[in-house]
Amino acid sequence: MDINRKLRMGMIGGSEGAFIGDIHRKAAIMDSQIELICGAFSSSPQRSEETGRILHLPKKRVYDSYQEMIIGEKNLPKDERMDFVTIVTPNNQHFPQAKFALENGFHVVCDKPMTANLGEAMELGSLVKETGLIFMLTHNYTGYPMVKQAGEMARGGALGELRKVVVEYPQGWLATLMERTGHKQAAWRSDPEITGNVLTMGDVGTHAENLIEYITGLEVSEVNAELSTLVKGRKMDDDDNILLRFSNGARGAFIASQVSTGEENNLKIKVYGEKGGLEWAQMEPNSLTVRWTDKPLQILRAGNNAPGLSEIAKRNCRLPAGHPEGFIEAFANIYLEFARAVTNHIEGKNSETGSYDFPDVADGIRGMAFIKTVLESTKSSKKWIPFVSPELEN
């Protein structure tokens, strides 16, 4: 049966003033497929209530805790309750909140990193498989049209056999001991009790790792990593440098840093094959530079009428060429694909995760396995450490 309505979204976390919660809300509703109907926006009932008031939600659909929200929504009639929940809380809360939502029959959108450790990631993966529910991890950079174009070219063989990958994600916002100044975002992100064993690797490094595998289709086979803490007094890593080996024999270099003074959000990736190479930068997201061995340099531009783009790239462009799209639109693209999967699930149609173009629980498992491996490499005297991501049991 066709449901012929917007999907109903609940949110855990994301109280007024929280950066990423607001981004999720704006992105989710952009294509008129989703509406926010309820939330448990803060561990403070007062802040949750205030956020609900600002968002014009009915008071009875603003909850004091995520447990109260999930059980409360579950007990509502099917034509009123939420369809899925979006989790935008600190890292150590992702696992219990996602687990509780899945156990009670709700699809899940979860901010990255998926969990605090690999064991939790595996348990969550098994639960997603057992329930058959839809789970999306918001590696939002995969939603950019020119990232999709890059993936079509790299995975599709246009560059020939891939030989070299270089990814860098430098930020400078933690170049000083920001967490000691009362800065809320810096304080929780740099607290190992909240974020787990890593700071920079979990915050931006997992994005970079996911982007490599999304664009190239290659799998990391070995790592040689050094996770460093360069700001005195900080408890966790703030500058990460990694050499990579891939399963096809390609080589890679990986830099993630939050102490690169003056940098903003300068994520870049370069992929080189035997026939050509490409380059994409998040701060100039509508351009994809392509270099060929036997043709002039080519710059492809985003736009739903732009020449030379793949169908999947055009499908993720909302505007004609020359009209910039950016961060929120990339988020919206993966929300739109998630909405398609959830709608099909509700209607009893095919909703196998592999049929859709968004990061899922398997990407979350690989991200946590990558973190575990680079930590092992950092502590080891061995030059190379094998990277093996565990598979879920059938």
Check your understanding: Alpha carbon centre of the range 327-378 versus the range 4-21: separation in Å?
Key -> 18
Review point. Using a Gaussian network for the chain with springs between C-alpha atoms less than 10 Å apart, which of these wobbles most: Gly276, Gly157, Gly233?
Key: Gly233
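Take the residue pairs Lys78/Lys314; Lys270/Lys314; Lys268/Lys295; Lys26/Lys59; Lys26/Lys314; Lys164/Lys382 and return only those whose Cα atoms are more than 25 Å apart.
Lys78/Lys314, as the Cα separations exceed 25 Å there.
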Review point. Amide H to amide H, which residues 5 or more places from Asn286 or on other chains are under 5 Å from it, using H placed in the peptide plane?
Key: none
Practice item. Determine the distance separating the Cα centre of the range 233-288 from the Cα centre of the range 132-160; give it in Å without decimals. Key: 16
Practice item. Would you work out the charge dipole size for the range 159-264 about its Cα centre, treating the Cβ of every Lys and Arg as +1 and the Cβ of every Asp and Glu as -1, and quote it to the nearest 20 debye? Key: 180
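Treating only the Cβ atoms of Lys and Arg (+1) and Asp and Glu (-1) as charged, compute the dipole magnitude of the chain about its Cα centre; round to the nearest 20 debye. Don't skip to the end; give the middle numbers.
Values: 44 positive and 52 negative charges, 99 e Å.
Here the size comes out at about 480 debye.
Compute the signed sum of charges (Lys and Arg +1, Asp and Glu -1) over the other residues within less than 15 Å, Cβ to Cβ, of Ile20. Show your work: numbers first, answer last.
Working: positive: Arg25, Lys26, Lys112, Lys184, Arg189; negative: Glu16, Asp22, Asp111, Asp203.
Value of the local net charge: +1.
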**Study point:** Sparsely packed GluC sites (Glu not before Pro) within the range 295-394, loop by DSSP, other Cβ within 10 Å at most 13
**Key:** Glu347, Glu352, Glu391, Glu393
Check your understanding: With the contact rule set at Cα under 8 Å and sequence spacing of 6 or more, what percent relative contact order holds for the chain?
Key -> 19
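Quick one: putting +1 on the C-beta of Lys and Arg, -1 on the C-beta of Asp and Glu, what dipole do you get for the range 283-338 around its Cα centre, in Debye to the nearest 20? Don't jump to the answer; show the numbers that get you there.
Details: 6 positive and 6 negative charges, 32 e Å.
Roughly 160 debye for the range 283-338.
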Revision key, fill the gap. Going fewest to most other Cβ atoms within 10 Å around each Cβ, Thr89, Thr131, Thr216 line up as Thr131, Thr216, Thr89
Review point. Put +1 on the Cβ of every Lys and Arg and -1 on every Asp and Glu Cβ in the range 145-320; which of Gly308, Asn224, Thr293 then has its Cα farthest towards the positive end of the dipole?
Key: Gly308
Point to revise | Ranking of Asp360, Asp83 by count of other Cβ atoms within 10 Å, fewest first | key: Asp360, Asp83
Check your understanding: How about the range 174-249: which chymotrypsin sites (Phe, Trp or Tyr not before Pro) there lie in a loop by DSSP and see at most 13 other Cβ atoms within 10 Å?
Key -> none
Study note, to complete from the structure: Percent relative contact order for the range 102-249, counting Cα pairs under 8 Å at least six residues apart, stands at 22
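Scan the range 202-253 for trypsin sites (Lys or Arg not before Pro) in coil per DSSP, keeping those whose Cβ has at most 16 other Cβ atoms within 10 Å, and list them by number. Mind showing how you got there, number by number?
Details: sites: Lys232, Arg234, Lys235, Arg245, Arg251; in loops: Lys232, Arg234, Lys235.
Passing sites in the range 202-253 are Lys232, Lys235.
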Practice item. Using R₀ = 25 Å, calculate the FRET efficiency as 1/(1 + (r/R₀)^6) where r is the Cβ-Cβ separation of Leu55 and His183; round to 0.05. Key: 0.50
Practice item. Indicate the helices, whole DSSP H runs only, in the chain that combine a mean Kyte-Doolittle hydropathy of 0.5 or more with a Cα extent along their long axis of 24 angstrom or more. Key: 327-346
Check your understanding: Which whole-number percent is the relative contact order of the range 145-320 (Cα, under 8 Å, 6+ apart)?
Key -> 30
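Only the coordinates and a few stated rules stand behind these numbers; no lab work does. On a predicted model such as this, the values are computed, not experimentally measured, just so you know. No Cβ is skipped: glycine too gets one built from the backbone with ideal geometry, and neighbour counts run over all protein chains shown.
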